[in-house]
Amino acid sequence: MPSDNELTTDSPESRLPRMVNESVMQFLLAAEEAAYQLYDEWDHGHLFLQSTRRTSKDAEFVSYGLAVQFLLCPSWMCGAPDDGGISAWSRWLSGRQFQTLGEASLRSDEQMAAAAIQSVTRAAQVEKLKEGHTGGADFLVTLPDQSRAVAEVTMHTDPGRRRLNNVHGSKPNADLDHDWHLWIRDQRFPGDYGPEHAFPLKEVRELVTAALVRLEQGGADLDQIEDIEQFCEQEIDRQWQWSRGQQLEDTPPLGVTVAMRQPAPARTGRLDLKLSTAIHHFSQVTETAAVVAAVQECIDHKLAKNQWGDASEPKWLVVVLDEGEAATQLRGVEEFEEEALDFSGVTFTGLDEVWAVAFDEGRFTVLRYGSGEPRWRLYRSVEAVIQSDAG
């Protein structure tokens, strides 16, 4: 009897799997390209291909089977790897070309900071400084009047989000028949948070897993995604012992989006969670304490490190706010008159300017502290530009 290698090389029937695979792959590549053109945000593909070969008892080739599953989804929803930056920025930047500054690769928070500077001051030029220059600051900014400043970029991460930022993957669960990829959105009001915005990840994961097991074993139609999401949200709302400081009315404390579902090998599934601790109720955000605290923390940290060294140019700090409470408060100023807000509690002796930057849906909200009057300025709903767009 020929070996498997001999079959793969010589026999016509053994060449069939390869021929079928090639044809299927050509079709999928064409379908993928068409889908990307139709849905710009659906930029993350999953291809699952399983082949089987049946033989008779005397080892003669009988048939070849091929099962193909192709799923397309937004990468930000199913936990595609990133550098820990701002997902809203990454989504907006997808498909756009960000010109690297000085041929240097930039972190996403550095990209966002450079774009914010150029979006607020359209004629400004931002140059990436070489490592070690002026003590380690990130950018040299040349303003329209040809004056210059040295800018350091840092990202402030919400304490709750920091604990959840890298939660991807889990151990196989013998009670699950499928692999599930879910996006969990924290929809609570600020008054609903406990100490340090604690988020009991283990408890929430157990509740979601139990809900999915009930659906699988109860014979639910797993293609009815909205029903599955609603059931998970209701189970969390019913069982999760969270602090109900304010009424959410018809909104569940956590929103659930099923990003992907697929049969699990050996019927032992996994539950992967992509989590966001952002507060989405902007109309309820009338305080500025989280913004002030976040900015002050970054100022104190960077001054202690003397990040600007002995630079002779004015010293700037650009604080990129992640998608937590501080960013939500800053973006929430769109709902209120400037006079109703107070950001004056920041002290930055030793620096010439401090920027706090939040981003959502292609627009920046920027809080800018300086030595002139007024002491702080607020830029609302600034359309984002990137250097390659600005020329």
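The values are calculated or read from the model by the stated rules, or taken from the named source; none is laboratory data. Remember, it's a predicted structure, so these values are computed and weren't measured experimentally. Note that we place each Cβ from the backbone using ideal geometry, even for glycine, and neighbour counts take in every protein chain shown. Surface areas here come from the heavy atoms of the whole protein model, side chains and all, with no ligands, DNA or RNA. Shrake-Rupley method; radii C 1.70, N 1.55, O 1.52, S 1.80 Å.
General remarks:
- Full extension of the chain between SER381 and THR121 gives 92.2 nm of extra length, using 0.36 nm per residue less the Cα-Cα distance.
- Spin-label pair ASP223/LEU201, simplified geometry with 7 Å Cα→Cβ offset, distance in nm: 3.5 nm
- Cβ-derived FRET efficiency at R0 30 Å, GLU297 paired with SER371, nearest 0.05: 0.90
- At the listed q of 0.30, 0.34, 0.35 Å⁻¹, the Debye profile of region 351-390, built from one uniform point per Cα, gives log10 I(q)/I(0) equal to -0.95, -1.05, -1.08.
- Stokes-Einstein diffusion coefficient of region 291-372, Kirkwood radius over Cα pairs, 4 °C, 1.567 mPa s, in µm²/s: 96 µm²/s
- Among LYS202, LYS302, the sequence by solvent-accessible area, most first, with a 1.4 Å probe is LYS202, LYS302.
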